[in-house]
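Here the structure comes first, spelled out in structure tokens, and everything after it is commentary.
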Number of protein chains: 2
Amino acid sequence: MSFQLLHVDGGARRGRLVTPHGTVETPTFMPVGTQATVKTMLMRDVESTGAQVVLGNTYHLMLRPGADRVAAFGGLHRFMNWPHTILTDSGGFQVMSLSALRKIDADGVTFKSHVDGSMHRLTPESAVDIQLKLGADIQMQLDECVRLPADAEAIARSVTISLDWGARARRTFLEAGTGRLQFGIVQGGTDPSERARSAEGLVAIGFDGYAIGGLAVGEPQADMFATIDVTEPSLPATSARYLMGVGTPGDLIGAVARGIDMFDCVMPTREGRHGMAYTSEGKINLKNARFATDDTPLDPAIDCHASREYSRGYLHHLVKVGEPLAATLISWHNIAYYQRLMADLRDAIAAGRFAEERARLAAIWGGGEDT
Amino acid sequence: MSFQLLHVDGGARRGRLVTPHGTVETPTFMPVGTQATVKTMLMRDVESTGAQVVLGNTYHLMLRPGADRVAAFGGLHRFMNWPHTILTDSGGFQVMSLSALRKIDADGVTFKSHVDGSMHRLTPESAVDIQLKLGADIQMQLDECVRLPADAEAIARSVTISLDWGARARRTFLEAGTGRLQFGIVQGGTDPSERARSAEGLVAIGFDGYAIGGLAVGEPQADMFATIDVTEPSLPATSARYLMGVGTPGDLIGAVARGIDMFDCVMPTREGRHGMAYTSEGKINLKNARFATDDTPLDPAIDCHASREYSRGYLHHLVKVGEPLAATLISWHNIAYYQRLMADLRDAIAAGRFAEERARLAAIWGGGEDT
């Protein structure tokens, strides 16, 4: 109901997702607002890039400032000044990647905060509750992420437990009756049969959308694409599909070609903080001495204040002397570039010329290969 | 010619300074853009606060990216996206405060860069040349700053050398015939007769404005006010007077009462980066736990995005978790507060009610005492 499939061109999909805080045109890229802020940026500047949805991290927000605190401020939208759609993850991924200690049992996961060493617990039910308090328009079920490579037993166990947790999360979420959206998460590592079992189990439970989790953990791009290829047939065409934590422009191009509708990644902002810019002509390192005397704008092809109003030479100077404005401007441009990339892909799918557009962009970024 | 005195109310002056890049209503506060950026802020956001002039630091800019480089980019205005008035200092103060090694001779000063240890030299003539290359609308003569407290001999020597350098700087500047402005700098520590000798010597040379230097180096506020009191009678009423490196709101209030027209200080931005906000009700530390649950805006009395659109609780969160956006928002608000303070003082002087306005503001900030 919330997702409308507008056009299909080969494997690529042009869609529209409606949430309590707005409409999201897909394929879409969601900037990451980890701690209730997209690092170094004003939310109105994030909005200016055309972003329609941002991601918040349950793990970080439950630790600081806490879900009840955010709820007391009227939820994450109001707290961080973002009136549009917000998706929150369930915390499962950061529990794996950040916590020094985590212990999983059938009921949930107990972990040690990376901030102050305090002990916390997440269950499928409490993760729903926390995300309700945060006010997420789209929330994610709690899942168990395994580190890759993992043996078959560990992968099968994570699929089984994630399916059980998915059913419990769905029940809790539906009982709350909020009119918001909840997505299940497909696990299964790089094992095709486990991916299919996971996807089919989630579809049987019935979510508002389906995510592919457990990727973007350092595996080769070909493995990621292959995993999408084996998972996608088990997902209903009428629901949104979200590839979590991905990725480079080439990753996005190849994944859109495989039917993915939604993405999130820290890359544009993290790389922006290190002087790396994604431009219409490729990735550049503004620290490089060749930019010291470059009086051209960062990327005149992108309709964004940060892309057009500052010379590469000025940005080089800011990066070299360690001025925080460098991070702000390059992050801003990078998000604008990612939004433009997604808009170009959307337009091409709608016009039935996705193959050409993919080839044009893949010449710069990769992602043009069929596996 | 460049400065017009519009109103006088007691010792306070309401004026207008015209430069090649705009009109500056005085008394004015100049945000500091040390390295061709007001730290953590977009220049368009600085502009939104009502700031009409910003300061650039010759010492920093001559080291990185270098005056010739800035000139190649069309000057500092274009390089940093600030189309309004720019004042640059001469580098003398940072040579004293930042360089690990400096050696003064009659002709100039040789110093070691704090960045890479390379050796550099400034003379009265080269400081003019560098500031011309930077494109400053208002440039400052090279002076010798002494660290306070200093003995009488050191103070007298710095006055003598600064007068000699002032004459040389003025000659070089006038030969360039740019139509820009140049200010002399009064030295003399806290010695009234040396301050008078310095001021009278500079007036005899004839500058476009006069600065009081050698203060804001840790001396008590009463000493600073006393030094203004003994210097001001030697300065022509028809020229702008600039108190360098000052200060707190109380410093500004007391100095405006003593006839100062221009100020610059890193305080609003430096304090902003440490979670300290100057508000209409006084200074607050947003790290303080009492703000964690505070849902009110930072300062609704100030017409500024950063002051009105974010709760104190949100800013507390950003400061506590170390998010860069905290520095951006609080710096922005602080500059907006400083601009509002100066606008209130200007309006009061024009309306002949400076004494009441000074009393109102001094109740919050100090600066109400006559020495």
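Projecting the Cα atoms of B:72, B:279, B:46 onto the dipole axis of chain B, where Lys and Arg carry +1 and Asp and Glu carry -1 at the beta carbon, places B:72 farthest toward the positive end. Partner lysines whose Cα lies under 27 Å from the Cα of residue A:112, excluding those fewer than 8 positions away in the same chain, are identified as A:39, A:103, A:133, B:287, B:320. Only the Cβ atoms of Lys and Arg (+1) and of Asp and Glu (-1) were treated as charged; on that basis the dipole of the range A:274-371 about its Cα centre amounts to roughly 220 debye. Along the axis of the charge dipole computed for the protein assembly as shown (Cβ charges of +1 for Lys and Arg, -1 for Asp and Glu, origin at the Cα centre), the listed residues A:113, A:55, B:207 are led at the positive end by A:113.
Take residue B:186: with every protein chain present and a 1.4 Å probe, its accessible area is about 0 Å².
Each part gets one Cα centre, and for the range B:210-285 versus the range A:115-187 those centres are 57 Å apart. Chain B packed on chain A takes about 3200 Å² of accessible surface away from a 1.4 Å probe, both sides summed. Net charge of the neighbourhood of residue B:176, taken over other residues with C-beta under 12 Å away and scored Lys/Arg +1, Asp/Glu -1, is +1. Summing Lys and Arg as +1 and Asp and Glu as -1 over all other residues whose Cβ lies under 11 Å from the Cβ of residue B:292 gives a net charge of +4. For residue B:179, the label point sits 7 Å beyond Cα toward Cβ; its separations from the matching points on the remaining copies run 6.3 nm, from shortest to longest. Placing a pseudo-label 7 Å from each Cα along the Cα-to-Cβ vector at residue B:205 and residue A:102 gives an inter-label distance of 6.7 nm. Peptide A:326-332 is shielded by partner chain Cβ atoms: per residue, an average of 2 of them sit within 10 Å of its Cβ. By a 1.4 Å probe calculation restricted to protein chains, residue A:5 has an accessible surface near 70 Å², given to the nearest 10.
Of all residues in chain B, the one whose Cβ lies closest to the rotation axis carrying B onto A, together with that distance in whole Å, is B:324, 3. Site pair residue A:296 and residue B:303 shows an inter-label distance of 4.2 nm when each label is modelled 7 Å from Cα along Cα→Cβ. Legend: mean number of C-beta atoms from other chains within 10 angstrom of residue C-beta atoms, peptide A:59-67, equals 2. The long axis of helix A:192-205 is offset from the longest Cα principal axis of chain A by roughly 70 degrees. Size descriptor for chain B, Kirkwood hydrodynamic radius: 20.8 Å (Cα pairs only, one decimal). Label points for residue A:344 are taken 7 Å from Cα along Cα→Cβ. From this copy to the others they lie 5.2 nm apart, shortest first.
Near residue A:204, once Lys and Arg are set to +1 and Asp and Glu to -1 for all other residues with Cβ below 13 Å from its Cβ, the sum equals 0.
The overall shape of the range A:100-160, judged from the alpha-carbon gyration tensor, is oblate: a/c is not under 1.5, and a/b is no greater than b/c.
Dipole check for the protein assembly as shown: with +1 at the C-beta of Lys and Arg, -1 at the C-beta of Asp and Glu, and the Cα centre as origin, the magnitude is about 120 Debye.
Considering all projection directions equally, how large on average is the shadow of the alpha-carbon convex hull of the protein assembly as shown, in square nanometres?
On the way: hull surface 132.1 nm².
Value for the protein assembly as shown: 33.0 nm².
In sequence order, the range A:324-332 has phi-based couplings of x, 4, 4, 4, 4, 5, 6, 4, 4 Hz under the Karplus curve 6.51 cos²θ - 1.76 cosθ + 1.60, θ = phi - 60°, and Gly or Pro positions carry x.
For the set B:144, B:232, A:175, A:309, the ranking by accessible area, highest first and with no ligand, DNA or RNA atoms included, is A:175, A:309, B:232, B:144 under a 1.4 Å probe. For chain B, a simple Cβ point-charge model (Lys and Arg +1, Asp and Glu -1, everything else neutral) yields a dipole of about 760 debye relative to the Cα centre.
In terms of accessible area, using a 1.4 Å probe and ignoring ligands and nucleic acids, B:153, B:47, B:219 rank largest first as B:153, B:47, B:219.
Distances, shortest first, from the label point of residue B:83 to those at the same position in the other copies read 2.8 nm; the point lies 7 Å along Cα to C-beta. Each peptide among B:290-303, A:104-117, B:76-89 gets the average number of other Cβ atoms lying within 10 Å of its residues, and from highest to lowest they stand as B:76-89, B:290-303, A:104-117.
Relative to the longest principal axis of the Cα atoms of chain A, the long axis of helix A:152-176 lies at roughly 80 degrees.
The values are calculated or read from the model by the stated rules, or taken from the named source; none is laboratory data. Here the structure is a predicted model, which means the values were calculated and not measured. Here the Cβ is made from the backbone with ideal geometry for all residues, glycine too, and neighbour counts use every protein chain on show. Side chains are part of the model used for accessible areas, which takes the heavy atoms of the whole protein and leaves out ligands, DNA and RNA. Shrake-Rupley method; radii C 1.70, N 1.55, O 1.52, S 1.80 Å.
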